[in-house]
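Worksheet for the structure shown next.
The values are calculated or read from the model by the stated rules, or taken from the named source; none is laboratory data. Because the structure is a prediction, the values reported are computed rather than measured. FYI the Cβ positions are ideal-geometry reconstructions off the backbone, even for glycines, and counts take in every protein chain you see.
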Ligand SMILES: [Fe+2]
Ligand SMILES: [Fe+2]
């Protein structure tokens, strides 16, 4: 698998956790299964931290090769998403169910929507960027 394929595969893995998180937060799930939600969030958190590092590195390489990518936007969004991620992570680590529920309902929902949109935009810019696909493949080795 080259770098692009790996990044896309990681997006799919994160989307599966987002889906799971959203389902476990839905209103039919009363009372909330906090320990399940905690596990799902931790999985997402780990996938994401790994992914973000690799991705920023990859985008820098693409940019240095002359690709026109909305690099500032990606970095800005990573920072914004880190904020929501931190609120949720802190709530989960506090062990307080009330705090977790409040965080899920605010930052949790924002995070799900923003991360989905971020992934979508990122894939669009990777696939539409001005660098030709062979250059990307060479870079990916
Ligand atoms: Fe990203
Ligand atoms: Fe990404």
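With respect to (1) within 16 Å of ligand 1 (Cβ to nearest atom); (2) touching a helix residue (DSSP H, G or I) at 6+ places or on another chain (Cβ under 7 Å), the lone exception for residue 22 is condition (1). Checked across the stretch 45-55, the condition of being at pLDDT 95 or above, away from ligand 2 (no atom under 14 Å from the Cβ), out of contact with any strand residue (DSSP E or B) (no Cβ under 9 Å at 6 or more places or on another chain) and in a helix (DSSP H, G or I) holds for at least one residue. In the stretch 57-70, the residues that are on the phi > 0 side of the Ramachandran plot reach residues that are assigned to a loop (DSSP other than H, G, I, E, B) and at pLDDT below 85 with C-beta atoms within less than 8 angstrom, at least six apart or across chains, in these pairs: 66/130; 66/131. Do the conditions hold for residue 32, that is, is it within 13 Å of ligand 2 (Cβ to nearest atom), in contact (Cβ under 8 Å) with a residue 24 or more places away in the chain and not in a helix (DSSP H, G or I)? The answer is no for residue 32. Within the stretch 113-141, residues that are at pLDDT 75 or above have Cβ atoms under 9 Å from residues that are assigned to a loop (DSSP other than H, G, I, E, B) and loosely packed, with under 11 Cβ neighbours inside 10 Å in no pair, counting only partners at least 6 apart in sequence or on another chain. Just one of (1) closer than 13 Å to residue 25 by Cβ; (2) surrounded by 14 or more Cβ atoms within 10 Å (Cβ to Cβ) fails for residue 78. It is (1).
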